[in-house]
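I have placed the structure first, in the form of structure tokens, so that the comments after it can refer back to it.
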Amino acid sequence: MARKFLLGFKSAMAKTYQFLNDVADLKDKVLKAISPIAPITDQTKAEDKFLFNAQRTDTGRSLPEYYLCYFLLVELLGFKNLGQFEKISWSVPIDFNGVAFLIEHRKFGVGVFAHDAKSQECEAKEIVKRIHKGVKLARPYFEWLAQEAAKESKLNVKNHHRRLFEKLQYFLERYRELSREAKERAEERIITKHEGGNTSIHMPNFELRRNAEWLALSAIDSFFSWTEHVFTHCATLNGRAVTGEDVADLADNEWANKFKAAIDINKRTAKEFYDQLVVVKRQLRNYMAHGAFGKNSEACSFHSGAGAVPLLLPHQKGTSRFSFYGDLGFNEEDVIAFIERFILFFWAEEREPAKLYIESDLPLILTMAKDGSYASAMKSVDEMEQLVEHLSWEFDRAANMDW
């Protein structure tokens, strides 16, 4: 075992060493590509109080994303970062043909800043052009940075709960509206007399019931999309996913494994919900997602002396009341009611602190998952409220660059 570990360690070190050599070569290529952009020196011409009076150029607004500019200039090429100032996240002075310019990330975006923006717009255009060229060449370095970051916990995971849940709520509300209207108009008949003496009878209830069923299917699909997202977030808050690779592995995993990572199915109620939701997912959501054929040939019938017979016989269907089978009709009221009961169950008891955090729209900070900060806050609603309030303040301060 020790020998195997040592060989693996040596292999990783060799790859790292090789990549560092590649980075050194890449750095030289990028420096040549962005020339005459260079680090600032004592010989660079700069006006008095240039750092405080520099003006944003129009062309500078078309720089690549702020983080790519930072990685290119500071991380890869080693240009000096002057640090944070009021409303400024980072500031990198550069020399362009002997004249000082600034590449800065300010509150209203990254840009090229000059002593006289109007008269130096042409130079700013050339700077932007060369930085784009450098960013393109440095792409392997950026990919390496991302891969290294994913191995650790220095990552934030975006929180899309609100958008996904609002979509689910929309379909549920529309389903209820049409279901209500269908019941209210159950006895309604619209009789239309046509030329030639023909008469047609239209029953609005049928169309309303059909549309309600379609909305129910959309709600079911949205429900599983939302749960896959919040299960992964809950698993992180509980300390079961603490690195980028952990989160990526869980995100790629089956829905059932996400459920188990978020909820302890050894508890009877949780296990009952789990079993029924697996049925809903397999027999409704997955069935429709596979073109209403299903994975087990549910849409097929075999030939026999008795006529066409379903390939999946009745005794194979199980006892679930949620099944399609045979046609595309199902009791959507039962499924929707069950989903709504699960949502109430999911946000209750030990997961109530998770609800507070996820509904705050804050991203998940994996360093806080790894150091136990989230696990500690998950012990009570009060502790989670304090954490959410603190982080919300920090994110607002960072967004406003109030250093």
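The values are calculated or read from the model by the stated rules, or taken from the named source; none is laboratory data. Everything quoted here is computed from the prediction, not taken from an experiment. Glycine gets a Cβ as well: all are built from the backbone with ideal geometry, and neighbour counts include every protein chain shown. Heads up: the accessible areas ignore ligands, DNA and RNA and are worked out on the full protein's heavy atoms, side chains in. Shrake-Rupley method; radii C 1.70, N 1.55, O 1.52, S 1.80 Å.
Observations on the model:
- Region 184-201, residues that are within 46 Å of the chain's Cα centre (by Cα) and of a type outside the set (D, E, K, R): ALA186
- Qualifying positions in region 203-214 - open to solvent by less than 80 Å² (accessible area, probe 1.4 Å) and without any contact (Cβ under 8 Å) to a residue 24 or more places away in the chain: MET203, PRO204, ASN205
- MET203 meets all of the listed conditions (1) closer than 24 Å to TRP347 by Cβ; (2) at pLDDT below 90 but one, namely (1).
- Filter result (farther than 30 Å from ARG176 by Cβ, assigned to a helix (DSSP H, G or I) and basic (Lys, Arg)) within region 335-392: LYS370
Conditions tested, residue by residue: (1) touching a helix residue (DSSP H, G or I) at 6+ places or on another chain (Cβ under 8 Å); (2) without any contact (Cβ under 8 Å) to a residue 40 or more places away in the chain; (3) over 15 Å from VAL242 (Cα atoms).
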{"residue": "MET368", "(1), (2), (3)": "yes, yes, no"}
{"residue": "SER373", "(1), (2), (3)": "yes, yes, no"}
{"residue": "ASP382", "(1), (2), (3)": "no, yes, yes"}
{"residue": "VAL388", "(1), (2), (3)": "yes, yes, yes"}
{"residue": "SER392", "(1), (2), (3)": "no, yes, yes"}
{"residue": "ASP396", "(1), (2), (3)": "no, yes, yes"}
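- Matching residues, region 16-57, being among the hydrophobic types (A, V, I, L, M, F, W, C), closer than 30 Å to GLU143 by Cα and at pLDDT 90 or above: LEU26, VAL30, LEU31, ALA33, ILE34, ILE37, ALA38, ILE40
- Candidate set from region 151-164 (those that are in contact (Cβ under 8 Å) with a residue 40 or more places away in the chain, assigned to a helix (DSSP H, G or I) and open to solvent by 30 Å² or more (accessible area, probe 1.4 Å)); member that is farthest from ALA251 (Cα to Cα): ARG162
- Some residue of region 217-229 being out of contact with any helix residue (DSSP H, G or I) (no Cβ under 9 Å at 6 or more places or on another chain), acidic (Asp, Glu) and under 23 Å from SER360 (Cβ atoms): no
- Residues of region 370-395 that are of a type in the set (A, V, I, L, M), out of contact with any Leu (no Cβ under 7 Å at 6 or more places or on another chain) and exposed (fewer than 14 other Cβ atoms within 10 Å of the Cβ): none at all.
- Test: residue in region 175-193 that is polar (S, T, N, Q), in a helix (DSSP H, G or I), free of Cβ contacts under 8 Å to residues at least 60 places away in the same chain and out of contact with any Pro (no Cβ under 9 Å at 6 or more places or on another chain): no
- Some residue of region 62-85 being in a loop (DSSP other than H, G, I, E, B), without any contact (Cβ under 8 Å) to a residue 12 or more places away in the chain and over 27 Å from TRP144 (Cβ atoms): no
- Members of region 260-272 that are touching a helix residue (DSSP H, G or I) at 6+ places or on another chain (Cβ under 6 Å) and open to solvent by less than 30 Å² (accessible area, probe 1.4 Å): ALA261, ALA262, ILE263
- From the list LEU217, LEU145, LEU137, the lone residue that is under 21 Å from the mean Cα position of the chain (by Cα) and open to solvent by 30 Å² or more (accessible area, probe 1.4 Å) is LEU145.
- Only residues that are hydrophobic (A, V, I, L, M, F, W, C), touching a residue at least 12 places away in the same chain (Cβ under 8 Å) and in a helix (DSSP H, G or I) were counted across region 25-61, and they come to 7.
- Residues (touching a helix residue (DSSP H, G or I) at 6+ places or on another chain (Cβ under 8 Å) and part of a loop (DSSP other than H, G, I, E, B)) located in region 86-106: ASN97
- Taken together, ASN198, ASN238 contain a single residue that is open to solvent by 50 Å² or more (accessible area, probe 1.4 Å) and either in contact with a Pro (Cβ under 6 Å, 6 or more places away or on another chain) or in contact (Cβ under 8 Å) with a residue 40 or more places away in the chain (or both), which is ASN238.
- Residues being touching an Asp or Glu at 6+ places or on another chain (Cβ under 9 Å) and either under 22 Å from PHE395 (Cβ atoms) or surrounded by fewer than 20 Cβ atoms within 10 Å (Cβ to Cβ) (or both) - total across region 86-112: 9
- LEU356 open to solvent by less than 40 Å² (accessible area, probe 1.4 Å), of a type outside the set (Phe, Trp, Tyr) and either at pLDDT 85 or above or under 31 Å from the mean Cα position of the chain (by Cα) (or both): no
- Conditions (1) among the polar types (S, T, N, Q); (2) surrounded by fewer than 18 Cβ atoms within 10 Å (Cβ to Cβ); (3) over 23 Å from ASP361 (Cβ atoms): number failed by SER179: (2)
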